[in-house]
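This report concerns only the one structure given below.
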Amino acid sequence: MAKVDYKKDLKTLYKAPEDGFVFVQVPSLNYLMIEGMGDPSTSLLFQNSVEALYGIAYAVKFAAKAGRIGPEYTIAPLEGLWWCEGVGGFDAEHRHLWHWRLQIPQPPHVDDGMVRKAADGLEAKGKVGPFGSVRLENFEEGLCVQTLHVGPFSSEGPKIEEMHRFALESGYGLRGMHHEIYMSDHRRTPPEKLRTILRQPVEKTD
């Protein structure tokens with residue numbers, strides 16, 4: 001069986017121009033997900049959630065390989081969906097208002113039983129984290145516009161506004177949540193070299 005690598009198999013979802021915007025159609029996929037609220041730069045919950053999500057993602061991958069369940073696969077990049085309650089959209093400046101959902105896409109042969117077994121196994125090994133809050137869920141984002149931001153997360157605001165303006169001027173309304181795909185490992189990459197795909201779901205206006 002061919003190895004699953006979403007960065008290659010769905011490469012249009014992981015590519016975008018730094019100096020422009022592209023429309024993409026995001027299909028229905030299964031994701032490991034975990035949610036929370038607060039400024040990610042100061043929230044211990046956020047960091048613990050990232051670690052729990054990756055912990056389960058790798059535990060599921062290794063268990064599937066050992067059990068010869070489905071094709072081998074590459075762990076896809078981490079994604080974050082961001083929104084604010086009651087402010088009419090995503091407020092890029094007021095970080096304390098942020099709600100977030102971290103997610104990693106999974107191949108079709110991964111099921112909820114594998115996820116729960118992985119969570120139980122990590123806890124049995126004495127690992128500490130919000131493993132029980134990680135779930136497997138289907139998500140279909142549909143039509144979106146996206147661009148590439150190079151630089152620190154704190155400088156994304158103007159690019160997000162420009163992307164929104166491009167969508168509106170192209171005849172599309174904004175919907176859904178602000179979406180980021182982290183193409184760089186922020187622990188090993190200097191802030192000025194971070195590569196992040198910024199994505200916004202849209203719909204055609206009348």
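Cross-link reach is defined here as a Cα-Cα straight distance under 16 Å, omitting same-chain residues fewer than 8 places apart; for LYS11 the lysines meeting it are LYS3.
Taking a ≥ b ≥ c as the square roots of the eigenvalues of the Cα gyration tensor of the stretch 1-122, is the shape rounded (a/c under 1.5), prolate (a/b larger than b/c) or oblate?
Here the stretch 1-122 falls in the oblate category.
Maximal additional length on extending the ARG187-GLU85 stretch stands at 33.8 nm, based on 0.36 nm per residue less the C-alpha distance. Charged neighbours of PRO17, selected by a Cβ distance under 15 Å, balance to +2 (K, R count +1; D, E count -1).
Rounded to the nearest 0.05, what FRET efficiency do PHE166 and LYS15 give with R0 = 22 Å and r taken as the Cβ-Cβ distance? Could you check?
Details: r = 17 Å, r/R0 = 0.78.
Once rounded, the FRET efficiency stands at 0.80.
Output the DSSP H helices from the chain with an along-axis C-alpha extent of no less than 27 Å and a mean Kyte-Doolittle hydropathy no less than -0.5. It would help to have the intermediate numbers written out before the result.
Numbers: long enough: 44-66 (33 Å, 0.81).
Flagged H segments are 44-66.
Pop the C-beta distance of LYS65 and LEU97 into the FRET formula with R0 = 45 Å and round what comes out to the nearest 0.05. With a Förster radius of 45 Å, E is 0.65. Mind checking which aspartates and glutamates have their C-alpha under 19 Å from LYS7, skipping anything on the same chain fewer than 8 residues away? Here the aspartates and glutamates satisfying the reach criterion relative to LYS7 are GLU18, GLU72, GLU79, GLU140, GLU141, GLU180, ASP185.
Return a single number: how many Lys pairs in the stretch 49-172, at a sequence separation of 8 or more or on separate chains, have alpha-carbon atoms below 17 angstrom apart. Mind dumping the intermediate values first?
Numbers: LYS61/LYS117; LYS65/LYS117; LYS117/LYS125; LYS117/LYS127.
Within the stretch 49-172, the lysine pair count is 4.
With contacts defined as alpha carbon pairs under 8 Å and 6 or more residues apart, what's the relative contact order of the chain in percent?
Working: 383 pairs, mean separation 59.1, N = 206.
Relative contact order comes out at 29 percent.
Throughout, read-outs are computed from the coordinates displayed, never taken from laboratory work. What you see is a predicted model, and the numbers here were worked out from it, not measured in a lab. Ideal geometry is used to build each Cβ from the backbone, glycine not excepted, and the neighbour counts take in all protein chains shown.
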